[in-house]
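K.L.:
Pasting in a structure now, in structure tokens, and then I'll have a few things to ask.
Every number in this text was worked out from the coordinates using simple rules, so none of it is lab data. No experiment lies behind these values; they were computed from the predicted model shown. Positions of Cβ are generated from backbone atoms using ideal geometry, with glycine treated the same way; all protein chains shown enter the neighbour counts.
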Amino acid sequence: MYRLRPLLRRAIVLACVVSILPLATVRATTPTSLTITGEASVYRGPATYFTAQLTPAVPGLLIWFDQSQDGVSWTLMGGDTTSSDGSAVQGGYVDGSVPVGTRYVRARFGGTADYEASTSLSFTQEVLIHQSQILTFLARNPNWPAILPESEPVRLFAQALYGAAQFERQTAEGWDPIDTPPMQSDPPSTYADIAALGEGSHVFRARIPDTDTSLGSSATITVDVSKGATTPIWMGALSAQSHHSLPGQVSVTGPIGGVQWDGAMTIKSVATDTVLASGDMGFEFTLPAMSLGTHDLLVSYAGNANYLPSSKTFTVTVVPDIVEASNVGVSATSIYPYVDGYKDTIKIRGTRNEPISVGIRVYNSSGTTVRTASIARATGGYSYTWNGKTSTGAILASGTYKVVQTLTDAFGTVKKYTNYVSLSRKRLYYHTAYVTKLGSSLTAKGTDGSGKVLVSTTYGYAKLYAPNLSSWAGVGYQFTIPSATVYKSISFQAYVKGVFYTAPNAIGLQNFSICPYSSTWNEGCFDHWRGLGGWSVYWVSAPGSPTYNRYGRTVRGIASVHLGTFYIYKARVKVYYATLG
């Protein structure tokens, strides 16, 4: 009874104390939930990101990311990540210390005065490591398609994936490193130049060592270095005529390179096994004349320090001898021996491409020789003039004559060339003729600006009027001249009246070498101009070329007025020509 009373007294006192304290206000917090998403698998080394979403959104929220290997023990993955608007946040990194295999990732929210803390469910992720790979590995010479001893430096080239390749060379003691420049980023490749290789086999390795983020790999290449292959070549003709020597030259073809080509070469007859010529590579030679038929010649190259020896058989074909000449014949097929400048002689001619003598004989229609000549053996062009006369100077009878040229070379080979020439005793007879038209008998006319052309058929004239320098008037006349063997001279003439001015008022002839014959008339096609002017009626003459100012038997003349008034009363062509008779 007495033991219970002290306890009761304490309870009463405590109750009294509580009853006299002021009442406190209890404040509630908002629950939150946190989710995390990300890649199911990642590679160690590159950055990777996780997305954490807090519900509800909390502006200025603070999120941590943790990782675990067993899902029980957690370590902080990195610093905090915040968002000003309360949206989802991202973060995370896979560095080289993260173990390969399964790991767990979670997000944590520490809470605030108004929001409860929360932790996401763990996210399972597989951490992998890259396997490096040598994509390309080769050895090449920058300038050659092949690698030979004493070549220029050899370049090792490699393209790699997930790592930088390092080059090594195999020796008796193992692999010796080769200085390798840094990997080129675009494209991802590595190269290294090494000194020229000697003859034999050389083994190189491109190796990517293990790293925190990738497994290593390697590839090897063997460079077999041998002497360069060669093939003899024949530079020149592989055929010859009997009795003729054969000039030639031999050389060697092979890989393109910068080493010195040298070494002896020989040319041997396969049939007799005798050496016909020898010398250094590329030497020139002359083989003596060979018999008709084919001859097999073995060309051999002895090789040198860098190139292999080789040989090849070439076949030379020897054909019967021929007389080598060209353009053998006569300069014309007709001759008029009367000396008047018209085909008085012909040339019996040709070109000798080897030493040749020439015999010439001319026969009449009865087969009688009327002229002989000879030309000594030589090379080059030759020419003999035949005048169609006897040795006493008399003109031979009209008819057809046969000209035979006999060409003989130094080996006695003969070739004959035959031509026929027609001989005539006719001669040229010269004439002067005028072909005249009235001034009103126009073939063409033209005006420009204020220019005018008036024609009076009553009085037979053409009036050309050009009041100022910006005007023009012109008339044209076409003539047919007599047929002739030779035209010696030609001129266009006009019987005119008009005042002379400084303006180019003139007559001229059409040049058919400048403008071919057509129905069109153009003042620019005319030349040999002669000026117009004078109060009285007079003849003005424009001499022309019987070659260029004539189209067959057609001649054209023009009168051109640029300022003033002119009357054309008559127009004519004067021609001096010759006919055979």
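K.L.:
What aspartates and glutamates does LYS227 reach when the alpha-carbon gap must be under 20 Å and sequence neighbours fewer than 8 apart in one chain are set aside?
P.N.:
Of all the aspartates and glutamates, those that pass the test against LYS227 - Cα under 20 Å, at least 8 places apart if same chain - are GLU150, GLU152, GLU199, ASP262, ASP280.
K.L.:
Another question, if that's okay. I need to check one value: relative contact order of the chain, counting alpha carbon pairs closer than 8 Å and at least 6 residues apart, in percent. Present the calculation step by step, with values, prior to reporting the outcome.
P.N.:
Values: 1471 pairs, mean separation 45.3, N = 581.
Here the relative contact order equals 8 percent.
K.L.:
Something else now. Could you sort out which of LYS426/LYS488; LYS389/LYS426; LYS268/LYS415; LYS343/LYS415 sit more than 25 Å apart by Cα distance in this structure?
P.N.:
Numbers: LYS426/LYS488 18 Å; LYS389/LYS426 14 Å; LYS268/LYS415 35 Å; LYS343/LYS415 28 Å.
Check vs 25 Å cut-off fails for LYS268/LYS415; LYS343/LYS415.
K.L.:
In nm, to one decimal, how far is the THR579 label point from the TYR43 one, both placed 7 Å along Cα→Cβ?
P.N.:
Between THR579 and TYR43, the simple spin-label model gives 10.6 nm.
K.L.:
Starting from the 7 Å offset along Cα-to-Cβ, what nm value, one decimal, do you get for the label separation of ALA57 and VAL339?
P.N.:
Going by the 7 Å Cα→Cβ label model, 12.6 nm.
K.L.:
Starting from 0 in steps of 10 Å, tell me what percent of the Cα-Cα pairs of the range 479-581 lands in each bin.
P.N.:
Going from the shortest bin to the longest, the percentages are 16, 45, 29, 9, 1.
K.L.:
Figure the gain on full extension for THR480 and ASP114 (residue separation times 0.36 nm, minus the Cα-Cα span) and round it to one decimal in nm. Please list the in-between numbers first.
P.N.:
Values: separation 366, 0.36 × 366 = 131.76 nm, distance 12.52 nm.
Gain on extension, THR480 to ASP114, equals 119.2 nm.
K.L.:
Any number yet on Rg/Rh for the range 33-128, C-alpha, Kirkwood?
P.N.:
On the way: Rg = 13.1 Å, Rh = 13.5 Å.
Over the Cα atoms of the range 33-128, Rg/Rh equals 0.97.
K.L.:
I would also like to ask the following. Cα-Cα pairs above 21 Å in the range 316-443: how many percent? Write down the numbers at each step before the final one.
P.N.:
On the way: 4148 of 8128 pairs.
Counting every Cα pair in the range 316-443, those more than 21 Å apart make up 51 percent.
K.L.:
So what's the projected area for the chain, the Cα convex hull averaged over all directions, in nm²? Mind dumping the intermediate values first?
P.N.:
On the way: hull surface 300.2 nm².
Over every viewing direction, the Cα hull of the chain projects on average to 75.1 nm².
K.L.:
Run the simple label-point estimate for THR286 and ASP262 please: 7 Å along Cα→C-beta, distance reported in nm.
P.N.:
The modelled label-to-label distance comes out at 2.9 nm.
K.L.:
Nearest 10 degrees, 0 to 90: what angle lies between the long axis of helix 4-20 and the longest principal axis of the chain (Cα atoms)?
P.N.:
For 4-20 against the chain, the angle is about 40 degrees.
K.L.:
Can I ask one more? With charges set only on the Cβ (+1 for Lys and Arg, -1 for Asp and Glu), what does the dipole of the range 33-128 come to about its Cα centre, in debye to the nearest 20? Display every interim value, and only then the final one.
P.N.:
Working: 4 positive and 9 negative charges, 35 e Å.
Computed about the Cα centre, the dipole is about 160 debye.
K.L.:
Normalised by the residues of the range 338-397, what does the relative contact order come to in percent, with Cα pairs under 8 Å and at least six apart?
P.N.:
Values: 86 pairs, mean separation 23.1, N = 60.
Here the relative contact order equals 39 percent.
K.L.:
No solvent, one uniform scatterer per C-alpha: report log10 I(q)/I(0) for the range 162-236 via the Debye equation at q = 0.25 1/Å, two decimals.
P.N.:
-1.26
K.L.:
On to the next question. Between THR368 and SER189, what length comes free when the chain is fully extended (0.36 nm per residue of separation minus the Cα-Cα distance, one decimal in nm)?
P.N.:
Details: separation 179, 0.36 × 179 = 64.44 nm, distance 9.36 nm.
55.1 nm is the gain from fully extending THR368 to SER189.
K.L.:
May I pose another question? Counting GluC sites (Glu not before Pro) as exposed when in a DSSP loop with at most 16 other beta carbons within 10 Å, what is the longest stretch of the chain free of them?
P.N.:
200-581
K.L.:
Using a Förster distance of 60 Å, how high is the FRET efficiency between LEU215 and THR253, based on the Cβ-Cβ distance and rounded to 0.05? Each step should come with its number before you reach the end.
P.N.:
On the way: r = 49 Å, r/R0 = 0.82.
With a Förster radius of 60 Å, E is 0.75.
K.L.:
Let's see if you can work this out: charge +1 on each Lys and Arg Cβ, -1 on each Asp and Glu Cβ, no other charges. What is the dipole magnitude of the chain about its Cα centre, in debye to the nearest 20? List each step's numbers first, then the result.
P.N.:
Values: 44 positive and 35 negative charges, 1055 e Å.
Computed charge dipole of the chain: roughly 5060 debye.
K.L.:
Hey, which lysines would be in cross-link range of LYS452, C-alpha to C-alpha under 26 Å, not counting anything within fewer than 8 residues on its own chain?
P.N.:
In chain and number order, the partners are LYS437, LYS463, LYS497, LYS570.
K.L.:
What is the sum of charges, Lys and Arg at +1 and Asp and Glu at -1, for the other residues whose Cβ falls under 12 Å from the Cβ of LYS497?
P.N.:
Numbers: positive: LYS463, LYS570; negative: none.
My count for the surroundings of LYS497 gives +2.
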